[in-house]
Amino acid sequence: MAYTYALTATSNVLRSDGAFIPTDPRNAGWQAYQAWLVAGNTPTPYVVPPSVPTTLQIISTGTPVLSGTYALSPLALDNINSVALYIQVNAAFPGGQSTITWPDASGGLHIFTTTAKFISFANAVANYVAALDAAVLGAGTAPTQPVTIP
């Protein structure tokens, strides 16, 4: 099988079958890569992935007080997903609350008065993060901000 190679952010190379070849002259994969280069082949250049935003600007057309710039940290995403799942299973906010207060990235508080509004927010975040992940993996273009919710 004829392999092709791609450069990575490190000194290792990525072979077309998905194997990472370490920079080690004793490694058979590295030796094959060197022979491939000597034969006049050129590896695919490394492409720096797009920078990953740490916040997401949300604009709410139906409830402007929900508009804000929200954190996209792993903890923030876990919390959003946990509340959204709770709502979907129980048709209510957690803890018997009639509303839920959610912080934005700067610590400003936003009050979600209905579960539907929180689910719209959670869906917008999930869709943005999915598009962002696809872009980082090279399977799409980086999504734009702000994101609008009803």
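Checking region 86-106 against the condition returns a match, with at least one residue being hydroxyl-bearing (Ser, Thr, Tyr) and touching a Leu at 6+ places or on another chain (Cβ under 6 Å).
When region 40-71 is filtered for residues that are hydrophobic (A, V, I, L, M, F, W, C), in the same structural domain as ALA131 (by TED's automatic domain parsing) and free of Cβ contacts under 8 Å to residues at least 60 places away in the same chain, the ones remaining, listed by number, are VAL65, ALA71. VAL65 - would you say it is under 19 Å from the mean Cα position of the chain (by Cα), in a helix (DSSP H, G or I) and either modelled with pLDDT of 95 or more or not basic (Lys, Arg) (or both)? The answer is no for VAL65. Taking residues in region 139-150 that are under 22 Å from LYS117 (Cβ atoms), and partners anywhere that are at pLDDT 90 or above and assigned to a loop (DSSP other than H, G, I, E, B), the pairs with Cβ atoms closer than 7 Å and at least 6 places apart or on different chains are THR148/THR61; PRO150/THR61; PRO150/GLY62.
Within region 122-150, if we keep just the residues that are small (Gly, Ala, Ser), outside any helix (DSSP H, G or I) and exposed (fewer than 14 other Cβ atoms within 10 Å of the Cβ), the residue that is modelled with the lowest pLDDT turns out to be GLY138.
Go through region 47-64 and give me each residue that's of a type outside the set (Ser, Thr, Tyr), over 17 Å from ASP133 (Cβ atoms) and either surrounded by 12 or more Cβ atoms within 10 Å (Cβ to Cβ) or touching a Ser or Thr at 6+ places or on another chain (Cβ under 7 Å) (or both).
Narrowing region 47-64 to residues of a type outside the set (Ser, Thr, Tyr): 47-50, 52-53, 56-59, 62, 64.
Next, only the ones that are over 17 Å from ASP133 (Cβ atoms) stay: 57-59, 62, 64.
GLN57, ILE58, ILE59, listed by residue number.
Residue by residue through region 25-37, note down the ones that are surrounded by 12 or more Cβ atoms within 10 Å (Cβ to Cβ) and part of a loop (DSSP other than H, G, I, E, B). Result: ASN27, single match. Residue-level check: of (1) touching a residue at least 24 places away in the same chain (Cβ under 8 Å); (2) surrounded by fewer than 17 Cβ atoms within 10 Å (Cβ to Cβ); (3) over 16 Å from GLN145 (Cβ atoms); (4) under 18 Å from the mean Cα position of the chain (by Cα), GLN88 misses just (4).
The values are calculated or read from the model by the stated rules, or taken from the named source; none is laboratory data. Computed from a prediction, not measured in an experiment: that's the story for all the values here. Because the Cβ atoms are built from the backbone with ideal geometry, glycine has one as well, and the counts that use them run over all protein chains shown.
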